[in-house]
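Visitor: Below you'll find the structure I mean.
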Amino acid sequence: MAALKPPDFLLPQGWVSTTEHVLCGQCQRPIIRTRASMKNPKRGLPAKNARENWWKPDTGTPTDSNVSGFDDELAVLTPAQMGEADRAAEASGVDGFGLMEAAGGAVAVAVGARWPMRPVAVLCGPGKNGGDGFVAARHLAAAGWPVKLALLGSREKQTGEAAHAADLWTGGVAPFSPEILEGAGIVIDAIFGAGLSRPLDGEALALVETLKARQIPTCAVDIPSGVDGTSGMVLGAAAPADLTVTFFRKKPGHLLFPGRGRCGHIVVADIGTPAAVLKDIAPNTWENSPDLWLNDYPWPQPESYKYRRGEVLILGGETITGASRMTAQAASRAGAGMVTLAAPAKVWGIYATSLINAIVHSFDGLEDFEGLLADARRNVIAIGPGAGVGALTRQFVLAALATKRSVVLDADALTSFAEAPQDLFQAIVGPCVLTPHAGEFKRLFHFEGDKLQRTRNAARQSNAVVLLKGPDTVIADPNGRTIINSNAPAQLATGGSGDVLTGFVAALLAQGTRPFEAAAAAAWLHGAAATEYGLGLVAEDLPDVLPRVLQKLKLLSHGLSENPFP
């Protein structure tokens with residue numbers, strides 16, 4: 001086991017820590033004995049990399065176990081998969097208690113990095129999560145922090161590594177009741193981890209409800225107690241954490257609401273689990289990031305010309321004209337070489353006088369629209385924003401799908417099939433991305449379960465990439481791969497932002513990006529543009545701010561800057 005020494009920033013000013021590496025008298029496994037002592041006056045904070053890396057064990061194990069084509073660092077594991085990872089790590093020779101020691105040490109470090117010294121109340125559950133809490137309490141107490149600890153259940157009922165961690169705790173164990181919170185300046189919530197599958201009740205529920213009401217600064221171990229790590233749903237109650245320290249990889253509950261809203265800032269600690277264990281787990285869910293798709297991003301090339309960068313054909317509506325105009329502007333900004341908008345003859349003048357970057361074609365009915373589809377250079381068709389709900393929109397959609405070219409369907413294009421969704425699914429025989437919000441999704445699909453399950457099932461049923469919009473947008477393909485987008489700021493909740501997203505997706509498809517990656521990149525760019533603009537955002541601002549995001553992304557892709565995105 002690697003040495004884990006609490007850094008001096010866990011101590012009061014003027015103190016330092018020393019450690020000994022000893023064998024446990026009970027099990028002969030390595031543990032750390034830490035002592036704190038006075039030093040000459042002032043100490044400074046360690047360098048940032050010291051705060052982040054001091055507790056990372058050196059396992060000597062290669063970490064290049066990528067089996068998916070995506071970055072393993074961004075893999076998201078269900079609690080069941082995390083259990084597999086732990087068992088595989090132990091089978092490979094990693095000591096199970098060593099993992100717990102490293103996890104608890106990482107929690108102690110994170111607490112010391114975020115808050116100045118103050119009284120800490122550690123709430124421990126009966127399982128491994130509680131064991132992590134005992135380890136964190138031991139490290140903080142050894143560093144001089146005032147620590148009190150409460151255990152749900154009795155020490156006699158603890159088993160395995162959790163029992164061993166409890167045996168190493170030399171402090172008292174208080175009753176598991178709200179009184180433990182009296183005088184606490186920080187709470188470490190180590191009651192239950194991501195594997196919780198039943199609602200909180202009894203003493204746990206009462207204490208979590210009290211913690212929630214008192215709003216004491218809180219660090220959650222793995223995930224706030226009461227949050228289902230698989231779905232992000234709250235089981236009974238969950239007290240919001242200011243900081244969550246999880247281990248090895250994030251879980252879906254860290255990224256899906258409402259759980260994501262309870263986690264606060266999330267730290268993923270490397271506790272020595274070899275990345276090679278992912279080879280057998282074969283994760284199929286990732287957190288969205290440029291690291292997933294930036295290597296294949298379709299940057300303009302010196303020899304390119306407009307048709308090589310693709311042409312997007314957008315269907316305009318007769319009544320709501322602003323929606324498809326924003327889609328057209330977004331497609332232009334996102335790099336489509338040409339954008340053509342099919343405008344109903346009655347309102348052609350509105351489109352023609354307001355769109356500078358798009359060709360506006362007047363059309364009247366299905367036959368005219370099919371004439372526009374006949375030009376094969378129009379390699380992507382986007383239908384939905386402002387199109388109107390009804391039989392005519394259904395005909396336009398079916399005609400577009402019959403070309404077997406890439407099609408993006410949103411809004412009214414989806415709702416128009418609410419009475420006969422199977423007609424839509426059967427017509428999808430080429431590349432297709434569906435971008436419903438929650439209401440549109442329910443009109444087409446009738447699956448139960450968490451958001452990941454529902455989106456994955458929808459993609460399989462429709463044979464399309466499904467981008468289920470929301471603050472925690474999920475993208476799934478028919479093969480079961482899923483990506484969770486986590487960079488969308490609150491200001492994206494404004495009318496028309498989905499119309500812009502449709503344009504981003506269409507432009508990336510037009511430039512040759514595969515549908516799954518196009519949807520993921522578009523969702524991330526959408527969030528990054530909104531963050532770049534800030535408060536006061538309206539949907540039409542998004543295309544105009546996108547170039548600033550792309551310029552930063554281009555520098556990042558060439559390694560010419562550190563990551564400029566929060």
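The values are calculated or read from the model by the stated rules, or taken from the named source; none is laboratory data. A quick note: this is a predicted structure, and the numbers were derived from the prediction, not measured. Because the Cβ atoms are built from the backbone with ideal geometry, glycine has one as well, and the counts that use them run over all protein chains shown.
Visitor: Right, Ala438: within 19 Å of Val474 (Cα to Cα), free of Cβ contacts under 8 Å to residues at least 40 places away in the same chain, of a type outside the set (Asp, Glu) and touching a Leu at 6+ places or on another chain (Cβ under 9 Å) or not?
Guide: yes
Visitor: What are the residues in the stretch 312-331 that are crowded, with 22+ Cβ neighbours inside 10 Å, of a type outside the set (A, V, I, L, M) and under 32 Å from the mean Cα position of the chain (by Cα), if any?
Guide: Ser324, Arg325, Thr327, Gln329
Visitor: Oh, and also: Name the pairs: first residue in the stretch 478-506 and in the same structural domain as Ala382 (by TED's automatic domain parsing), second residue part of a loop (DSSP other than H, G, I, E, B) and aromatic (Phe, Trp, Tyr), Cβ to Cβ under 8 Å, at least 6 apart or on different chains?
Guide: Asn487/Phe565
Visitor: What about Thr513, is it surrounded by fewer than 19 Cβ atoms within 10 Å (Cβ to Cβ) and of a type in the set (S, T, N, Q)?
Guide: The answer is no for Thr513.
Visitor: Of all residues in the stretch 394-432, which are assigned to a helix (DSSP H, G or I) and within 19 Å of Gly496 (Cα to Cα)?
Guide: Once the filter is applied, which keeps residues that are assigned to a helix (DSSP H, G or I) and within 19 Å of Gly496 (Cα to Cα), the stretch 394-432 yields Asp412, Ala413, Leu414, Thr415.
Visitor: Next question, about the same structure. With the structure loaded, tell me whether Phe257 is of a type outside the set (Asp, Glu), within 17 Å of the chain's Cα centre (by Cα) and surrounded by 23 or more Cβ atoms within 10 Å (Cβ to Cβ) or whether it fails that test.
Guide: Judged against the criteria, Phe257 is not a match.
Visitor: OK, next. Sort out which residues of the stretch 542-566 are among the charged types (D, E, K, R) and touching a residue at least 60 places away in the same chain (Cβ under 8 Å), and write them in order of number.
Guide: Asp544, Lys554
Visitor: Go through (1) in a loop (DSSP other than H, G, I, E, B); (2) touching a Phe, Trp or Tyr at 6+ places or on another chain (Cβ under 9 Å); (3) not assigned by TED's automatic domain parsing to the domain that holds Phe70 one by one and return the number of the condition Trp299 breaks.
Guide: Unmet for Trp299, out of (1) in a loop (DSSP other than H, G, I, E, B); (2) touching a Phe, Trp or Tyr at 6+ places or on another chain (Cβ under 9 Å); (3) not assigned by TED's automatic domain parsing to the domain that holds Phe70: (2).
Visitor: Counting only residues that are surrounded by fewer than 23 Cβ atoms within 10 Å (Cβ to Cβ) and among the aliphatic types (A, V, I, L, M), how many does the stretch 516-540 have?
Guide: Number satisfying all stated conditions: 4.
Visitor: Name the single residue, out of those in the stretch 86-96 being surrounded by fewer than 23 Cβ atoms within 10 Å (Cβ to Cβ) and part of a helix (DSSP H, G or I), that is farthest from the chain's Cα centre (by Cα).
Guide: Among those residues, the one meeting the criterion is Ala91.
Residue by residue, here is whether (1) crowded, with 17+ Cβ neighbours inside 10 Å; (2) in the same structural domain as Pro478 (by TED's automatic domain parsing); (3) under 22 Å from Ser231 (Cβ atoms); (4) at pLDDT 95 or above holds:
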position: Arg394; (1), (2), (3), (4): yes, yes, no, yes
position: Lys404; (1), (2), (3), (4): no, yes, no, yes
position: Ala411; (1), (2), (3), (4): yes, yes, no, yes
position: Ser416; (1), (2), (3), (4): yes, yes, no, yes
position: Gln426; (1), (2), (3), (4): no, yes, no, yes
position: Pro431; (1), (2), (3), (4): yes, yes, no, yes
position: Ala438; (1), (2), (3), (4): no, yes, yes, yes
position: Phe445; (1), (2), (3), (4): yes, yes, yes, yes
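Visitor: May I ask you to list the residues in the stretch 469-489 that are aliphatic (A, V, I, L, M) and surrounded by fewer than 24 Cβ atoms within 10 Å (Cβ to Cβ)?
Guide: Ala488
Visitor: Being surrounded by fewer than 18 Cβ atoms within 10 Å (Cβ to Cβ), touching a helix residue (DSSP H, G or I) at 6+ places or on another chain (Cβ under 7 Å), closer than 30 Å to Ser332 by Cβ and not small (Gly, Ala, Ser), is that true of even one residue in the stretch 449-467?
Guide: Scanning the stretch 449-467, I find at least one residue that is surrounded by fewer than 18 Cβ atoms within 10 Å (Cβ to Cβ), touching a helix residue (DSSP H, G or I) at 6+ places or on another chain (Cβ under 7 Å), closer than 30 Å to Ser332 by Cβ and not small (Gly, Ala, Ser), so the answer is yes.
Visitor: Between residues in the stretch 318-335 that are in the same structural domain as Val380 (by TED's automatic domain parsing) and within 17 Å of Leu509 (Cα to Cα) and residues that are part of a loop (DSSP other than H, G, I, E, B) and charged (D, E, K, R), which pairs lie under 9 Å by C-beta distance while being six or more apart or on different chains?
Guide: Once the first residue is in the same structural domain as Val380 (by TED's automatic domain parsing) and within 17 Å of Leu509 (Cα to Cα) and sits in the stretch 318-335, its partners that are part of a loop (DSSP other than H, G, I, E, B) and charged (D, E, K, R) give Thr327/Asp410; Gln329/Glu540; Gly335/Arg309.
Visitor: Let me ask something else. Are there any pairs with C-beta distances below 7 angstrom linking a residue in the stretch 522-541 that is assigned by TED's automatic domain parsing to the domain that holds Asn487 to a residue that is surrounded by fewer than 22 Cβ atoms within 10 Å (Cβ to Cβ) and among the aliphatic types (A, V, I, L, M), with the two at least 6 apart or on different chains, and if so which?
Guide: From the stretch 522-541, the pairs are Ala529/Val545; Ala530/Leu537; Glu532/Val545; Tyr533/Val545.
Visitor: Oh, and also: Can you find a residue that is surrounded by 15 or more Cβ atoms within 10 Å (Cβ to Cβ), assigned by TED's automatic domain parsing to the domain that holds Ala438 and closer than 22 Å to Asn457 by Cα anywhere in the stretch 543-566?
Guide: The answer is no; no qualifying residue exists.
Visitor: Follow-up question, since we're still on this one. Go through (1) buried (at least 24 other Cβ atoms within 10 Å of the Cβ); (2) in contact with a Leu (Cβ under 9 Å, 6 or more places away or on another chain); (3) not polar (S, T, N, Q) one by one and return the number of the condition Asp222 breaks.
Guide: Just one mismatch for Asp222, condition (2).
Visitor: Another question about this same structure. Does Val111 satisfy the condition of being within 26 Å of the chain's Cα centre (by Cα), β-branched (Val, Ile, Thr), at pLDDT 95 or above and more than 16 Å from Leu278 (Cβ to Cβ)?
Guide: yes
Visitor: Sort through Ala493, Ala506 and tell me the only one that's among the small types (Gly, Ala, Ser) and crowded, with 23+ Cβ neighbours inside 10 Å.
Guide: Just a single option satisfies the conditions, and that option is Ala506.
Yes or no, residue by residue, for (1) out of contact with any strand residue (DSSP E or B) (no Cβ under 7 Å at 6 or more places or on another chain); (2) surrounded by fewer than 19 Cβ atoms within 10 Å (Cβ to Cβ):
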| site | (1), (2) |
| --- | --- |
| Lys279 | yes, yes |
| Thr285 | no, no |
| Arg308 | yes, yes |
| Arg333 | yes, no |
| Tyr351 | no, no |
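Visitor: Being over 30 Å from the mean Cα position of the chain (by Cα) and either touching a residue at least 24 places away in the same chain (Cβ under 8 Å) or in a helix (DSSP H, G or I) (or both) is the requirement here; does Lys306 meet it?
Guide: Criteria met by Lys306.
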